[in-house]
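Student: Sharing a structure here in structure tokens format.
The values are calculated or read from the model by the stated rules, or taken from the named source; none is laboratory data. Owing to the predicted nature of the structure, the values given are computational and were not obtained by experimental measurement. In this analysis, Cβ positions are derived from the backbone assuming ideal geometry, glycine residues included, and neighbour counts consider all displayed protein chains. Keep in mind that these areas ignore ligands, DNA and RNA; they rest on the heavy atoms of the full protein, side chains included. Shrake-Rupley method; radii C 1.70, N 1.55, O 1.52, S 1.80 Å.
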Amino acid sequence: MLGLFLLVACQPVHHAAVPRPRRRLAPPGAAQWRSPHNDVTGIHKIKHVVVVMQENRSFDSYFGTFPGADGIAMRHGRSVACLRAAPGTRCHHLYVDHADVQGGGPHGAPAARVDLDHGRMDGFLRAGVQAHRHCSDPNDPECSNSTGFDTLGYHTRSDIPNYWALAHRYVLQDHMFEPVRSWSLPEHLWQVSEWSAHCLTRQASSCSNAIQAVGRRPAPGWTAGTGRKPRRHPSYAWTDLTYLLHRHHVSWGYYVKPGTEPDCRNDQALICHRVSQRPFTPGIWNPLPSFVDVQQDHQLGDVNATRVFMRRARTGTLPAVSWVIPSGLVSEHPPGRVSAGQSYVTRLVDAVMRGKDWRSTAIFLAWDDWGGFYDHVQPPDVDANGYGFRVPAMVISPYARRGYVDHQSLSFDAYVKFIEDDFLGGARLDPRTDGRPDPRPDVREDNPALGNLAYDFDFTRKPSRPAPLPVHPRTTLTH
């Protein structure tokens, strides 16, 4: 298996020269329209989209030294970037950090403003140190469980060999941004609905934009599979993607690894007990059971444990759209181990590769937010909500371009856009056309700043053979 890794990792990296797609707008009041990207030759060869979402890493922290990527600028053997913990103190350069367990930094909306520092991208260390001084709980998105200095640490190929092997063999996206400039709960809402909001009632019209304090948290202990009703009204009354999928008879599954959540349900809390996570228990990483439309469409049964995904991957019975969500232990969310997350993701990818659906599958692998770790690229301002910071992201597919670094400006909105273009004829989560209007401020999938994932595929060539990787590769990670 080591020989396989060396063969994969040494493939050449090609730079992406991507033309800007032409944009067409739907006529006002149109019931449905056809996306220009729906006509990309071969897109419908993808019958299964699998979104694997890990936690809390910036692009520079994992791929800052990847050949051909927009990574860490170096001069005389050290990073050009040199950050200060406080004004007037000496600056600190980025450094190679082989630690398997890191602390990271605060990663809520307030911390994002500090890290960004009006585009100077120099607040990461300051935010990390301040978080450590003011709180001790590692699970609060406004806290850190280290001195804060490891926000400047980054990993190399020898630490995460499987991730680098996948990036060398398939597509690495070096301008993938979190869609919202905030923490895990808003981002996971964005993954499935293109919005995060605070709702006063079960009516979509009662929702208003929110990127930090989203509102009422799902009632703990509610297990929809037993038929018990929630103890309070669900938080999420706006429209999510599964509404369109259900209406168009497109199968989907949301797969949750049982375990614990890493974040406090109250994002401002300094101390909290770990909260258990189960497939039918609404939570930070499992928001779909709290969506009103999911309940009304009787789709709660499509939220299952990760073992169901593994079985379907092995037996070639994947739904058209899958979201795969980790538990805290394998999420790479500090204090989770990097090695545990890499092994978990490798198992998922290997299972798809060994199954009958591999030849028609696209795996979109990403990390949900930056976790407070340094990144040098200023996020574009596309609207009041984002984009957030860069995160690692890849496309893994038998049709993915080989050894390709995609420099397009992307966010997780591109995943929803690809799904809509592939399976829904270009229908959008658009209050004007989707039949279930809500007051969302814009239609992110149609933002002209957003690139097109279809360019990461070459549908003209024969699909590549699967190349599973060792679940426990040798690494230079230190415990």
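Student: Please find, among 442, 421, 381, 375, the residue that is in a loop (DSSP other than H, G, I, E, B), out of contact with any Pro (no Cβ under 6 Å at 6 or more places or on another chain), of a type in the set (Asp, Glu) and open to solvent by less than 10 Å² (accessible area, probe 1.4 Å).
Tutor: On inspection, the qualifying residue turns out to be 375.
Student: Keeping to the stretch 45-94, report how many residues are among the hydroxyl-bearing types (Ser, Thr, Tyr) and open to solvent by less than 40 Å² (accessible area, probe 1.4 Å).
Tutor: Of the residues in that region, 4 qualify.
Student: Let me ask something else. Take the conditions of a type in the set (Gly, Ala, Ser), out of contact with any strand residue (DSSP E or B) (no Cβ under 9 Å at 6 or more places or on another chain) and modelled with pLDDT of 90 or more and apply them to residue 165. Does it pass?
Tutor: It is true that residue 165 is of a type in the set (Gly, Ala, Ser), out of contact with any strand residue (DSSP E or B) (no Cβ under 9 Å at 6 or more places or on another chain) and modelled with pLDDT of 90 or more.
Student: While we're looking at this one, here's another question. Of everything in the stretch 423-466, what is farther than 21 Å from residue 211 by Cα and of a type in the set (Asp, Glu)? Give them in sequence order. Walk me through how you get there before you give the answer.
Tutor: The first filter runs over the stretch 423-466 and keeps only residues farther than 21 Å from residue 211 by Cα, leaving 423-428, 432-436, 448, 451-466.
Matches in the stretch 423-466: 434, 456, 458.
Student: Let me ask another. Which one of these is modelled with pLDDT under 75, touching a Lys or Arg at 6+ places or on another chain (Cβ under 9 Å), of a type in the set (Phe, Trp, Tyr) and surrounded by 15 or more Cβ atoms within 10 Å (Cβ to Cβ): 195, 222, 238, 190?
Tutor: After ruling out the rest, the residue left standing is 222.
Student: Return yes when residue 292 is touching a residue at least 60 places away in the same chain (Cβ under 8 Å), within 19 Å of residue 58 (Cα to Cα) and open to solvent by less than 30 Å² (accessible area, probe 1.4 Å) and no when it is not. Show your work before the answer.
Tutor: Details: touching a residue at least 60 places away in the same chain (Cβ under 8 Å): yes; within 19 Å of residue 58 (Cα to Cα): no; open to solvent by less than 30 Å² (accessible area, probe 1.4 Å): yes.
When the stated conditions are applied, residue 292 does not pass them.
Student: Could you grab me the full set of residues in the stretch 394-412 that are farther than 18 Å from residue 66 by Cα and surrounded by 24 or more Cβ atoms within 10 Å (Cβ to Cβ)?
Tutor: If the condition is that a residue be farther than 18 Å from residue 66 by Cα and surrounded by 24 or more Cβ atoms within 10 Å (Cβ to Cβ), then 397, 410, 411, 412 are the ones that fit.
Student: Of the residues 432, 465, 474, 436, which is touching an Asp or Glu at 6+ places or on another chain (Cβ under 7 Å) and either not small (Gly, Ala, Ser) or not in a loop (DSSP other than H, G, I, E, B) (or both)?
Tutor: Selected residue: 436, the only one of 432, 465, 474, 436 that is touching an Asp or Glu at 6+ places or on another chain (Cβ under 7 Å) and either not small (Gly, Ala, Ser) or not in a loop (DSSP other than H, G, I, E, B) (or both).
Student: I want to confirm something. Restricting to the stretch 282-320 and keeping residues that are small (Gly, Ala, Ser) and modelled with pLDDT of 95 or more, which single residue is farthest from the chain's Cα centre (by Cα)?
Tutor: 316
Student: Would you say residue 86 is at pLDDT 95 or above and assigned to a loop (DSSP other than H, G, I, E, B)? Can you show your working first?
Tutor: On the way: at pLDDT 95 or above: no; assigned to a loop (DSSP other than H, G, I, E, B): yes.
No; evaluated as a whole, the condition is false for this residue.
Student: Would you mind finding the one in 384, 340 that is free of Cβ contacts under 8 Å to residues at least 40 places away in the same chain and of a type in the set (A, V, I, L, M)?
Tutor: Testing whether each residue is free of Cβ contacts under 8 Å to residues at least 40 places away in the same chain and of a type in the set (A, V, I, L, M) leaves just 340.
Student: Does residue 141 satisfy being under 19 Å from the mean Cα position of the chain (by Cα), modelled with pLDDT under 95 and either open to solvent by 10 Å² or more (accessible area, probe 1.4 Å) or under 23 Å from residue 181 (Cβ atoms) (or both)?
Tutor: Considered against the rule, which asks whether it is under 19 Å from the mean Cα position of the chain (by Cα), modelled with pLDDT under 95 and either open to solvent by 10 Å² or more (accessible area, probe 1.4 Å) or under 23 Å from residue 181 (Cβ atoms) (or both), residue 141 comes out as yes.
Student: Can you tell me how many residues in the stretch 29-65 are more than 27 Å from residue 188 (Cβ to Cβ), at pLDDT 70 or above and part of a helix (DSSP H, G or I)?
Tutor: Total satisfying the criteria: 2.
Student: Identify, by number, the condition in (1) among the β-branched types (Val, Ile, Thr); (2) surrounded by 24 or more Cβ atoms within 10 Å (Cβ to Cβ); (3) farther than 23 Å from residue 68 by Cβ that residue 391 doesn't meet.
Tutor: (3)
Student: Check the stretch 307-318 and report whether any residue there is closer than 19 Å to residue 240 by Cβ and surrounded by fewer than 20 Cβ atoms within 10 Å (Cβ to Cβ).
Tutor: No: zero hits.
Student: Separate question: Let me confirm something: among 214, 180, which residue is under 25 Å from residue 246 (Cβ atoms), in contact with a Gly (Cβ under 7 Å, 6 or more places away or on another chain) and of a type in the set (Val, Ile, Thr)?
Tutor: Sole residue among the options that is under 25 Å from residue 246 (Cβ atoms), in contact with a Gly (Cβ under 7 Å, 6 or more places away or on another chain) and of a type in the set (Val, Ile, Thr): 180.
Student: Based on what the data block shows, is residue 146 surrounded by fewer than 24 Cβ atoms within 10 Å (Cβ to Cβ), part of a loop (DSSP other than H, G, I, E, B) and at pLDDT below 85?
Tutor: yes
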